[in-house]
1. From the list B:LEU141, B:LEU116, B:LEU49, which residue is buried (at least 16 other Cβ atoms within 10 Å of the Cβ) and without any contact (Cβ under 8 Å) to a residue 24 or more places away in the chain?
2. Out of A:THR84, A:THR88, which single residue is among the hydroxyl-bearing types (Ser, Thr, Tyr) and assigned to a strand (DSSP E or B)?
3. Test of understanding: among B:VAL246, B:VAL250, which residue is part of a helix (DSSP H, G or I), modelled with pLDDT of 95 or more and within 14 Å of another protein chain (Cβ to nearest Cβ)?
4. Test of understanding: among B:ILE311, B:ILE302, B:ILE293, B:ILE257, which residue is crowded, with 21+ Cβ neighbours inside 10 Å, within 21 Å of B:LEU141 (Cα to Cα) and either among the acidic types (Asp, Glu) or within 16 Å of the chain's Cα centre (by Cα) (or both)?
5. If you check A:ARG228 against the conditions, is it in a strand (DSSP E or B) and among the basic types (Lys, Arg)?
6. Does A:GLY111 qualify as being farther than 25 Å from B:HIS36 by Cβ, surrounded by fewer than 15 Cβ atoms within 10 Å (Cβ to Cβ), out of contact with any Leu (no Cβ under 7 Å at 6 or more places or on another chain) and in contact (Cβ under 8 Å) with a residue 24 or more places away in the chain?
7. Mind checking which residues of the range A:168-210 are touching a strand residue (DSSP E or B) at 6+ places or on another chain (Cβ under 8 Å) and aliphatic (A, V, I, L, M)?
Amino acid sequence: MTQPVLYARGLNKRYGKVTALDNCDFDLMPGEILAVIGDNGAGKTSLIKVLSGAIQPDSGEMFLEDRQVSFPSPIAARQAGVETVYQTLAMSPALSIADNMFMGRELRKPGFMGSVLRQLDRPAMERIAREKLSDLGLMTIQNINQAVETLSGGQRQGVAVARAAAFGSKVIILDEPTAALGVKESRRVLELIQDVRARGIPIILISHNMPHVFEVADRIHVHRLGRRLCVIDPKDYTMSDAVAFMTGAKAAPLQVDA
Amino acid sequence: MTNPTEAEAGLARRNESIASFEQQITLLSRLQHALHSNPALVPLIVLVLSIVVFGALLGGKFFSSFALTLILQQVAIVGIVGAAQSLVILTAGIDLSVGAIMVLSSVVMGQFTFRLGMPPAVAIACGLVLGTFIGFVNGWLIARVKLPPFIVTLGVWQIALASNFLYSGNETIRAQEIETQAPLLQFFGQSFSVAGAVFTYGVIAFIAIVLVLAYVLRHTAWGRHVYAVGDDAEAAKLAGVNTRAVLISVYMLSGLICAFAGWVLIGRIGSVSPTSGQTANIESITAVVIGGISLFGGRGSIMGMLFGALIVGVFSLGLRLLGADAQWTYLLIGVLIIAAVAVDQWIRKVSA
């Protein structure tokens, strides 16, 4: 059996008397789309925040490509190759698409202009941003220098996904990517997710939208009461089964191997 | 593998041309977009218009190279302080202590020279270091202790101003003394003229500071981070910007520029006076706002502040030459401030 790219064992996180993560395990296989579903308050947000470095677990271990890792900050997670597309997208609305794609990892001009005057290499950043967007079929955006706030919701999501996919990452976490979008834009984003997977990058998808989850996910991690209840194959179960596991209406299937 | 749901089957023959939604491209919306990408355009237009109007009313008296460069000399101090204020306001902050830092630094430069007998160059360096340090205190309290910029700088304003009076003993160092013993302190008051146009070194410094900052804000990563922090600090942090370091460095640079303005101030008024420059903070905020920099952060350009400061200068000189009561200047500037913020709000709606 292949090794998981990213896995975690025995994660715990408590907030006072509330247990958000209760000895939680997690596995992400290479090249897959793993959906994480769970009822509100099940702790899936805490799990994702631990994986993306936004919070630190009280105990437990995480492994990325078989090396033990810990992420004290989102920046540390990103440097290790775990890119997160937050629900809020984390973009600066007044800045351009190119500025946003390179925020925090700008390219400088070579030579004197870059090393002494610290001038940004705008042409290179714009060229790369344009390439990355066209790779993902997002070039309905005409002007790479237009402000992000002038884009539609789907286009913004597209830019955020392209930013995550652009920087040689090992894992991409998408938090509710279709929650704020219309039917047509959701479809585009789902196609985009499949495009990213086709390039071999595994994706963790957090979503409340069961049709979307069942359409794109290879496996579904059902989170309940702060731990992994089961991992199911969307081909073997129906959406109502998944909702029943999630809410405790139905006992979880026995897992042979997680 | 993909099993689009029934609802989405309706998308099979969807119209892909999402970008070409119908929108009437009126002249007004085009103007709105132009202003959105060039926020300094409004103050530039206002500046040109006011020069044309006063020129038409006053003729050669106003349109002389002497009068026009006089405006530059009069706005140089406010403009330099305004450059510091612009940086802070771009991060969605505000710096009420700019004027107090300027005066305190100029007093330190003067007193260290005359009371402690330091060489002027060393005293000036001490003043610059002090300004930077006060800026660091501002930045540290805002970025680390997470106090609101308004409160922090309100407090530091009072502290710096009181220290200024306590330390100087409310005593002015006269211009003749400085001229004979430490002319370096008055360096920025020296001028040269080109065909009737009189430039002081203070004016040159003002323009240079604005141009350097315009470059830094537009063409360096730090500059882009200043905008990102002001636009949405949380987003900038998640995108990998060290927001604390950006904020602290912005307030430090603001303090340094204000201390530098203190040096220029000695040149402008000749003496070192603890009571000078009291209105610099309000005037600098005025220049920034008229210059189209958004008080909510992340939008605007420092060139706009330059135009904003010049608009104020053109109004005050123009009205004075017309023989109007000085209060008319304040009245019109009040109108301009409100109009500038209204235009800012309108530009922000461009995406809606």
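The values are calculated or read from the model by the stated rules, or taken from the named source; none is laboratory data. Just so it is clear, the model here is predicted, and its values are computed rather than measured. Note: ideal-geometry Cβ built from the backbone for every residue, glycine included; neighbour counts use all protein chains shown.
1. Of the residues listed, the single one that is buried (at least 16 other Cβ atoms within 10 Å of the Cβ) and without any contact (Cβ under 8 Å) to a residue 24 or more places away in the chain is B:LEU141.
2. It is A:THR84.
3. On inspection, the qualifying residue turns out to be B:VAL246.
4. Within the list B:ILE311, B:ILE302, B:ILE293, B:ILE257, the selection yields B:ILE257.
5. For A:ARG228, the condition - in a strand (DSSP E or B) and among the basic types (Lys, Arg) - is met.
6. No.
7. A:VAL171, A:ILE172, A:ILE173, A:LEU174, A:ILE193, A:VAL196, A:ILE201, A:ILE203, A:ILE204, A:LEU205, A:ILE206, A:MET210 - these are the residues of the range A:168-210 that are touching a strand residue (DSSP E or B) at 6+ places or on another chain (Cβ under 8 Å) and aliphatic (A, V, I, L, M).
Every residue, every condition in (1) in contact with a Gly (Cβ under 8 Å, 6 or more places away or on another chain); (2) at positive phi, yes or no:
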position: A:THR2; (1), (2): no, no
position: A:GLY53; (1), (2): no, yes
position: A:ASP58; (1), (2): no, no
position: A:LEU64; (1), (2): yes, no
position: A:SER70; (1), (2): no, no
position: A:PRO74; (1), (2): yes, no
position: A:VAL85; (1), (2): no, no
position: A:LEU89; (1), (2): no, yes
position: A:ILE97; (1), (2): no, no
